[in-house]
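Every number in this text was worked out from the coordinates using simple rules, so none of it is lab data. Values in this document were obtained by computation on a predicted structure and should not be read as measured data. Note that we place each Cβ from the backbone using ideal geometry, even for glycine, and neighbour counts take in every protein chain shown.
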Amino acid sequence: MSDQYQVPQPLPSREARQWAMLCHYAAFCWLLAPMIGNVIGPLVVWQLKKELDPFVDAQGREALNFQITVSLALMVCGLLAWVLIGFPLMVLVSLAALVLTIIAGIKANEGKAYRYPLIWRLVK
């Protein structure tokens, strides 16, 4: 099906867009509690507001799945640090997570559903 024939979807409410954005940006709780804050932040926001709107539910699940994937990748990098390749990989994973989280928050605030690339979707 071509893009020109798709029916435009109604924009989520302003409140739903803001909560969806906060689901993504709650990952910055990493600064308060390293290695668990990035998962706990989106999990708490998603659990509190998933009933508000299907858009918040979907973006909350997406943010949580991404942060779980990032945490697992950083743990693997920690193991690889024994052979010194883990340190540059840790920096690369962290920078990619930062950039993708910011992009996802912006897209969610615009009312566009964002799907992170290359993640393991554990939470359905």
Estimated D of the stretch 36-97 in µm² per second, where Rh is the Kirkwood radius over Cα pairs and Stokes-Einstein applies at 25 °C, 0.890 mPa s | 195 µm²/s
Applied in sequence order to the stretch 38-51, the curve 6.51 cos²θ - 1.76 cosθ + 1.60 (Karplus, θ = phi - 60°) yields integer Hz couplings, x standing for Gly and Pro, of 5, 8, 5, x, x, 4, 5, 4, 4, 5, 6, 10, 5, 7
Taking the Cα atoms only, what angle lies between the long axis of helix 86-109 and the longest principal axis of the chain, rounded to 10 degrees?
-> 10 degrees
Quick one: Debye curve from the alpha-carbon atoms of the chain only, equal weights, vacuum; give me log10 I(q)/I(0) at q = 0.15, 0.19 Å⁻¹ to two decimals.
-> -0.68, -0.97
Expressed as a whole number of Å, what is the distance separating the alpha-carbon centroids of the stretch 1-80 and the stretch 86-124?
-> 9 Å
Kirkwood Rh over Cα pairs of the stretch 70-120 into Stokes-Einstein at 4 °C, 1.567 mPa s: D in µm²/s?
-> 108 µm²/s
Suppose R0 equals 41 Å; then what is the FRET efficiency for PHE87 and GLN18 from their Cβ-Cβ distance, rounded to the nearest 0.05?
-> 0.65
FRET efficiency, 1/(1 + (r/R0)^6) with R0 25 Å, evaluated for LEU72 and VAL99 via beta carbons = 0.85
